[in-house]
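Written below as structure tokens is the structure these notes are about.
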Amino acid sequence: MNGRRLTPYLFMAPAAFILGVALLYPIAYMIYASFLDWNPSQRIGQAEFVGLRNYTWLLGDASFRESLGVTLKFAFFVVSLEMLIGVGLALLLDRSIRGMTALRTIFILPMMIAPIVVGLIWRYMYHPTVGIFNKTLNAIGVESVPWLSDSFWALTSIIIADVWQWTPFIFILSLAALQSLPRSALEAARIDGATGWQQIWHIKLPLMMPVLIVTCLLRLIDAFKVLEVVLVMTNGGPGLSTEILSLRISRTASEFRELGVAAAMSNYLLLMLMLLTVLMFVYSRVSEARAARIRQAAEES
Amino acid sequence: MSRETTQGTGANPAFYALMVVLVIMAMGPIMLMITTSLKLNVDVMSDSARLLFMPTMQNYETVLCDVLWYDPAHVDYCDPTFGRALKNSLIIALVSTAITLILGTMAAYALVRFRFFGRGTISMTTLMMRMVPPAVLLVPVFGIWTFNFGLDGTYSGIILVYVAMNLPFVIWILQSFIVQVPIQLEEAARMDGAGPFQVFFLVVIPLIKPGLAAAAIFTFRIAWNEFLLANALLDRNTRTVPVTIVNSLTEYDIDWGVIMATGSLLAIPPIIFTFVASKQIITGMTAGAVKG
């Protein structure tokens, strides 16, 4: 009997151990390190404790603020464009067309291949002379665009690349959500003579809302995590125009050798993500309640 | 489009046209990489004859010269970097996947059958873990692995990170599959005298194979594609393919043919998984948001 009571712990122990050692401990360590003036050649014990200095210094640091601005801009445009296109396509293609399975399979490809490779492909396509975009533009008599060498275009270019890679994610999730909507509600709306637009606005979108919010949240979290694609395409340049926060963290750690500052920056990023998650959770609770009401009302009528 | 939202009648050719456009947009860049990898640099640089060129395996031979059984004629000096990186990537990705799956399944099973925490707690934890960007782990993992564990530059060091990074997601996705295993089956096995480990390996595991496939693909993909932590932790001899790709990118004079061949080789396993197991991948992707 005693052995049976131990079983669950035996099953849990290895995973719990690894998560503790390689995930929770590092995060705790990072929080501690953010209060230190620490460079990579020192052991952590030798680093000087400086309190909140890293945090306050960052707030006054112009490049950190610029990088934060770039990150927010990038995340905002990427997520709104992807939501718009992804949900739009899902609503448009939500019908039994043959070949849908094949389309979904092909749509996964950009998400499956390495971000490094995605960056590589786009860097090649944006190349000033051999890239396909400028070649095509030149062929139809339009002047070359400085895709990666102008600060406005560089940000636009990384946004386009991210939209290419991640819109399918939103599309697949919204399509799944659409196909699991209660048939009865849609049926009722159709019998009442609702037009296609009305059905979308008043029935489909509100009912999809809980899924859309989670999808949006997942995408937003990932947008803050993007690093490799930008690293390969622009390495943050020109200037600081595409230096998103995670790139800045990794450069602060490896190039400027300021581990304490990098840790403080990581903490800011983590706090921001946590805030976002909490907000989305609260909002999704509210809209779930709303969706339930609509569903009930639709089923009663 | 007011009336067409009726499902099942969408045989409109416009939709097929739209789908073709979407397929071209999704596949185009990837096909471009593959065709470039089959081109000589002369063809890459030339303005004309973009569609017509002699495909060549030279770039692949340059990249793989160390692993090939013959000496390609055009390679003067064979750089062993890539062959080594490919081996490292394979070992690291396969071992991390195997360990993550074993530990993850056990933990998920314990969580479902012995009811440690509610499903809500697990979902919340998974989401929290998903929130942590690899960049955030960079500083602490570098510090701890170098100074406390002495694991920098080793396979075990990076495998430990990848296992930890993937475990929350794997546990969470497998849970939803284990919940569906009828408990009566397990009880019947127990009646026949099977111990808890036998029940687990002989009854539960075979029934959750689709879940395992999804979890395996997701884990493998992360370990295979990851760059940042691999770059910080690994040394010359243990470097993975993504790290070598970034290292070979210089500001000017990029040998596009060779680098695209490297990129294509790195992209091959995920592409194969996609075509073999797209259903499982979609299940894994949608499970979180759609089922809740």
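No lab work stands behind these numbers, since they all come straight from the coordinates. Since the model is a prediction, treat every value here as computed from it, not as a measurement. When we count neighbours, we look across all protein chains shown, and the Cβ atoms used for this are built from the backbone with ideal geometry, even at glycine.
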* Asked: Counting Lys and Arg as +1 and Asp and Glu as -1, each charge on the Cβ, what is the dipole of segment B:83-291 about the Cα centre in debye, to the nearest 20?
  -> 500
* Say the dipole of chain A comes from +1 at the beta carbon of Lys and Arg and -1 at that of Asp and Glu; which of A:F76, A:V142, A:L212 then lies farthest toward its positive end? -> A:L212
* **Sequence-distant lysines (8 or more away, or on other chains) whose Cα lies within less than 18 Å of B:K39** => A:K135
* Asked: If the cut-off is a Cα-Cα distance under 28 Å, which lysines reach B:K279, setting aside same-chain residues fewer than 8 apart in sequence?
  -> A:K204, A:K225, B:K209, B:K291
* To do: Work out the length of the dipole vector of segment A:62-300 about its Cα centre, built from +1 on the beta-carbon of each Lys and Arg and -1 on the beta-carbon of each Asp and Glu, and round it to the nearest 20 debye.
  => 320
* Asked: With helices defined as uninterrupted DSSP H runs, which ones in chain A have an alpha carbon span along their own long axis of at least 20 Å and mean Kyte-Doolittle hydropathy of at least 0.0?
  -> A:2-19, A:62-93, A:151-179, A:205-225, A:259-300
* Asked: If you average the sequence gap of Cα pairs under 8 Å that are 6 or more apart and divide by the length of chain A, what percent do you get for the contact order?
  -> 28
* If exposed trypsin sites (Lys or Arg not before Pro) are those in a DSSP loop with at most 16 other Cβ within 10 Å, what is the longest stretch of chain B that has none? -> B:116-235
* In whole Å, what is the distance between the alpha-carbon centres of segment B:181-203 and segment A:38-78? -> 53
* Asked: Hey, got the average number of other protein chain Cβ atoms within 10 angstrom for residues in B:13-26?
  -> 4
* Cα-centre dipole for the protein assembly as shown with unit charges at Cβ (Lys and Arg positive, Asp and Glu negative), debye to 20 -> 1920
* Asked: Which order, highest average first, do B:67-75, B:152-160 follow once you tally other Cβ atoms within 10 Å for each residue and take the mean per peptide?
  -> B:152-160, B:67-75
* Asked: Given the options A:R290, A:R53, A:R95, which has the most mean-square fluctuation in a GNM of chain A, springs set between C-alpha atoms less than 10 angstrom apart?
  -> A:R95
* Asked: Using alpha carbons only, how many degrees (0 to 90, rounded to 10) separate the axis of helix B:13-37 from the longest principal axis of chain B?
  -> 60
* By how many degrees, between 0 and 90 and to the nearest 10, does the Cα long axis of helix B:119-131 differ from the longest principal axis of chain B? -> 20
* **Gaussian network model of chain B, springs between alpha carbon atoms under 10 Å - residue of B:V170, B:V241, B:V63 with greatest fluctuation** => B:V63
* On Cα atoms only, tilt of B:209-225 relative to the major axis of chain B in degrees -> 40
* To do: Find which of B:G211, B:F275, B:A135 sits farthest along the positive direction of the dipole of segment B:83-291, computed with +1 on the beta-carbon of Lys and Arg, -1 on that of Asp and Glu, about the Cα centre.
  => B:G211
* **Most mobile listed residue (B:T36, B:T105, B:T125) in chain B, GNM with C-alpha springs under 10 Å** => B:T125
* To do: Run the numbers on segment B:83-291 and let me know its relative contact order in percent, using alpha-carbon pairs under 8 Å that are six or more apart.
  => 34
* Can you give the mean number of other chain Cβ atoms that lie within 10 Å of the Cβ atoms in peptide A:190-200? -> 2
* Averaged over peptide B:261-271, how many Cβ atoms belonging to another chain are found within 10 Å of each residue's Cβ? -> 4
* What is the order of A:W147, A:W122, fewest Cβ neighbours within 10 Å to most? -> A:W147, A:W122
* To do: Assuming a ≥ b ≥ c are the square roots of the Cα gyration tensor eigenvalues, decide whether the protein assembly as shown counts as rounded (a/c under 1.5), prolate (otherwise, with a/b larger than b/c) or oblate.
  => rounded
* Round to a whole angstrom and tell me the spacing of the C-alpha centers of segment B:124-167 and segment A:130-205. => 34
* Asked: What number, rounded to the nearest 500 deg cm²/dmol, is the helix-based mean residue ellipticity at 222 nm of the protein assembly as shown, given -39500 (n - 2.57) per DSSP H run of at least four residues and division by all its residues?
  -> -22500 deg cm²/dmol
